[in-house]
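Have a look at this one before I ask anything.
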Amino acid sequence: MKTANGHEFVAMLEKIAPRKLAMESDPTGLQLGDLSKKVRKIMFTLDVLEDVVEEAIEQGVDMIIAHHPFLFRPVHKIDMETAQGRMIRKLIKHDIIVYAAHTNLDIAKGGVNDILANLLELKETEVIVPTHVEKYLKVVVFVPKESCETVRQVLMNNGAGQIGTEYESCSFEVMGTGKFKPSEKASPTIGKKGELAHVDEVRLEAIITEDLALQAVKAVKAAHPYEEPAIDLYPLEGLKHVEGLGRVGTLAKEMPLEVFVDIVKGVLSIEHLRLIGDPETKVKKVAVLGGDGNKFIHDAKRSGADVLITGDIYYHTGHDLLAIGLPTIDAGHNIEKVMKSYLKAEFEERSKDQGIEVELVVSEKNTDPFTFL
């Protein structure tokens, strides 16, 4: 087992929630600290507040991974008499890295909105607000039969073979005969220089998003037994990978809104919420958008949702929701805390696979600023 540095854990996070997915002007990424330092303990938190920093210090944490950037707005001065100034001083003094995965974690497959949708047992989910569209390619590689599974695994490990949201490691194979004549300068794995070789080969193919294709090809070349492997990339028309904010899906059965409200409270561990709309409304199609959903109410309506679950609804936005006929559950911004246990589990699995020794904990501090009396 090895001890990794901050850069290696950022690379791990990039696999889960790539920074390229973040919304424009979102200050995701490194907030404070030296990523070259060795990291033996990581804490996951929704917010970075002073009591969270104190908790991290008490537990000997080397790195905090948060959802909400604590340096969200530009800092013009560091006043040690303020809570933010005190936090910065403590973080620097105790050499704690702070890194934020914000809208990229909202948007990413398996991220905040997918977690919420899964907890609510929504089926056939789709993105509400598309923010990134990736084209698909078909990668085809010809490989000797005995090396096929090795090359296939390399393809799958580098992002190929994902079809929809429910199927992965998808590929197709067909047998054939490969013919080639190595030149006098070649170093063939199979065959002899100057002689025509006949080899039982497999045509191995899978789909992959355009952004991952070159990385996958490079990995296949490294794993392939041939000196010059034959690899083709074909554009696929009409097939796209869409990522974005929010999810909309269906419940197993239709129910009154007031019944669904109780389910939401139980699943998301909240005692109180705000409801806009008639409690007796029948709901089956549900839109969920973690965080502040004010800008996206019309997108949720166009998705065909019977109800929207989000947070931070403004007074006048509530009137707009009534006007467009979209019942809404304001469950609060704090429901995004579901990301803590999700990231911990992801890091546990990936660290084990990479032979990295690290202690992973979630913050136990309640960062919800609201108390309901």
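Do you know which residues across the range 151-164 are in contact (Cβ under 8 Å) with a residue 12 or more places away in the chain and either part of a helix (DSSP H, G or I) or open to solvent by less than 10 Å² (accessible area, probe 1.4 Å) (or both)? Even if it seems obvious, please write down each step before you answer.
Start the filter on the range 151-164 by keeping residues that are in contact (Cβ under 8 Å) with a residue 12 or more places away in the chain, which leaves 151-152, 154-163.
Listed by number, the residues that qualify are 151, 152, 154, 155, 156, 157, 160, 161.
Could we say that residue 220 is at pLDDT 95 or above, hydrophobic (A, V, I, L, M, F, W, C), in contact with a Lys or Arg (Cβ under 9 Å, 6 or more places away or on another chain) and open to solvent by less than 10 Å² (accessible area, probe 1.4 Å) here? Spell out the reasoning first.
Details: at pLDDT 95 or above: yes; hydrophobic (A, V, I, L, M, F, W, C): yes; in contact with a Lys or Arg (Cβ under 9 Å, 6 or more places away or on another chain): no; open to solvent by less than 10 Å² (accessible area, probe 1.4 Å): yes.
It is false that residue 220 is at pLDDT 95 or above, hydrophobic (A, V, I, L, M, F, W, C), in contact with a Lys or Arg (Cβ under 9 Å, 6 or more places away or on another chain) and open to solvent by less than 10 Å² (accessible area, probe 1.4 Å).
Only residues that are loosely packed, with under 15 Cβ neighbours inside 10 Å, touching a residue at least 24 places away in the same chain (Cβ under 8 Å) and more than 22 Å from residue 291 (Cβ to Cβ): list them for the range 51-78, please.
Keep residues of the range 51-78 that are loosely packed, with under 15 Cβ neighbours inside 10 Å, which gives 51, 54, 57-60, 72-78.
Filter once more, keeping what is touching a residue at least 24 places away in the same chain (Cβ under 8 Å): 51, 54, 57, 59, 72.
Scanning the range 51-78 gives 54, 57, 59.
Could you list, in sequence order, all residues of the range 226-239 that are surrounded by 13 or more Cβ atoms within 10 Å (Cβ to Cβ), under 22 Å from residue 150 (Cα atoms) and at pLDDT below 95? Please lay out each step first, then the result.
Our first condition is that a residue be surrounded by 13 or more Cβ atoms within 10 Å (Cβ to Cβ); within the range 226-239, this holds for 226, 229-233, 236, 239.
Next, from what is left, pick out any that are under 22 Å from residue 150 (Cα atoms): 226, 229-233.
Matches in the range 226-239: 226, 229, 230.
Which residues, counting only those in the range 336-365, are over 21 Å from the mean Cα position of the chain (by Cα) and either among the small types (Gly, Ala, Ser) or surrounded by fewer than 13 Cβ atoms within 10 Å (Cβ to Cβ) (or both)?
Residues satisfying the conditions are 355, 357, 364.
Of (1) assigned to a loop (DSSP other than H, G, I, E, B); (2) free of Cβ contacts under 8 Å to residues at least 12 places away in the same chain; (3) of a type outside the set (Phe, Trp, Tyr), residue 121 satisfies all except one. Which?
Answer for residue 121: the failing condition is (2).
Each row is one residue, and each column tells you yes or no for (1) part of a strand (DSSP E or B); (2) in contact with a Pro (Cβ under 7 Å, 6 or more places away or on another chain); (3) charged (D, E, K, R); (4) open to solvent by less than 30 Å² (accessible area, probe 1.4 Å).
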position: 149; (1), (2), (3), (4): no, no, yes, no
position: 170; (1), (2), (3), (4): no, no, no, no
position: 177; (1), (2), (3), (4): yes, no, no, no
position: 182; (1), (2), (3), (4): no, yes, no, yes
position: 188; (1), (2), (3), (4): no, yes, no, no
position: 214; (1), (2), (3), (4): no, no, no, no
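Condition (residue is open to solvent by 40 Å² or more (accessible area, probe 1.4 Å) and modelled with pLDDT under 95) applied to the range 112-121: is it met by at least one residue?
Residues of the range 112-121 open to solvent by 40 Å² or more (accessible area, probe 1.4 Å): 118-119, 121.
Among the residues that remain, those that are also modelled with pLDDT under 95 are: none.
Scanning the range 112-121 turns up no residue that is open to solvent by 40 Å² or more (accessible area, probe 1.4 Å) and modelled with pLDDT under 95.
Identify, from the list 299, 200, the residue that is touching a helix residue (DSSP H, G or I) at 6+ places or on another chain (Cβ under 7 Å) and among the charged types (D, E, K, R). Show your work before the answer.
On the way: 299 fails: touching a helix residue (DSSP H, G or I) at 6+ places or on another chain (Cβ under 7 Å).
Answer to the check: 200.
Could you grab me the full set of residues in the range 125-145 that are of a type outside the set (Lys, Arg), modelled with pLDDT of 95 or more and open to solvent by 50 Å² or more (accessible area, probe 1.4 Å)?
Residues satisfying the conditions are 126, 130, 142.
Regarding the range 71-89, can at least one residue be identified that is under 23 Å from the mean Cα position of the chain (by Cα), part of a loop (DSSP other than H, G, I, E, B) and modelled with pLDDT under 95?
Restricting attention to the range 71-89, the residues satisfying the condition of being under 23 Å from the mean Cα position of the chain (by Cα) are 71-72.
Remaining after also requiring part of a loop (DSSP other than H, G, I, E, B): 71-72.
Filter once more, keeping what is modelled with pLDDT under 95: 71-72.
Yes; the residues of the range 71-89 include at least one that is under 23 Å from the mean Cα position of the chain (by Cα), part of a loop (DSSP other than H, G, I, E, B) and modelled with pLDDT under 95.
Is it the case that the range 260-277 has a residue that's farther than 23 Å from residue 131 by Cα, of a type in the set (Phe, Trp, Tyr) and surrounded by fewer than 21 Cβ atoms within 10 Å (Cβ to Cβ)? It would help to see each step written out before you state the result.
Filtering the range 260-277 for residues farther than 23 Å from residue 131 by Cα gives 260-277.
Filter once more, keeping what is of a type in the set (Phe, Trp, Tyr): 260.
If we keep only those that are surrounded by fewer than 21 Cβ atoms within 10 Å (Cβ to Cβ) as well, we get none.
No, every residue in the range 260-277 fails to be farther than 23 Å from residue 131 by Cα, of a type in the set (Phe, Trp, Tyr) and surrounded by fewer than 21 Cβ atoms within 10 Å (Cβ to Cβ).
OK, next. Exactly one of these conditions fails for residue 165: (1) of a type outside the set (Asp, Glu); (2) under 30 Å from residue 113 (Cβ atoms); (3) at pLDDT 90 or above. Give me its number.
Only one criterion in (1) of a type outside the set (Asp, Glu); (2) under 30 Å from residue 113 (Cβ atoms); (3) at pLDDT 90 or above is unmet by residue 165, namely (3).
Just to be sure before I move on: is residue 195 within 42 Å of the chain's Cα centre (by Cα) and farther than 22 Å from residue 12 by Cα in the structure I sent?
On the way: within 42 Å of the chain's Cα centre (by Cα): no; farther than 22 Å from residue 12 by Cα: yes.
For residue 195, the condition - within 42 Å of the chain's Cα centre (by Cα) and farther than 22 Å from residue 12 by Cα - is not met.
I've got another one for you. So, in the range 233-292, exactly how many residues are in contact (Cβ under 8 Å) with a residue 60 or more places away in the chain and assigned to a strand (DSSP E or B)?
Residues flagged as in contact (Cβ under 8 Å) with a residue 60 or more places away in the chain and assigned to a strand (DSSP E or B) within the range 233-292 amount to 24.
Please count how many residues of the range 252-292 are more than 20 Å from residue 325 (Cβ to Cβ) and not hydrophobic (A, V, I, L, M, F, W, C).
10
The values are calculated or read from the model by the stated rules, or taken from the named source; none is laboratory data. Bear in mind the structure is a predicted one, so any value in this text is a computation, not a measurement. Backbone-built Cβ (ideal geometry, glycine too); neighbour counts: all protein chains shown. What goes into the accessible areas is simple: the full protein's heavy atoms, side chains included, and nothing from ligands, DNA or RNA. Shrake-Rupley method; radii C 1.70, N 1.55, O 1.52, S 1.80 Å.
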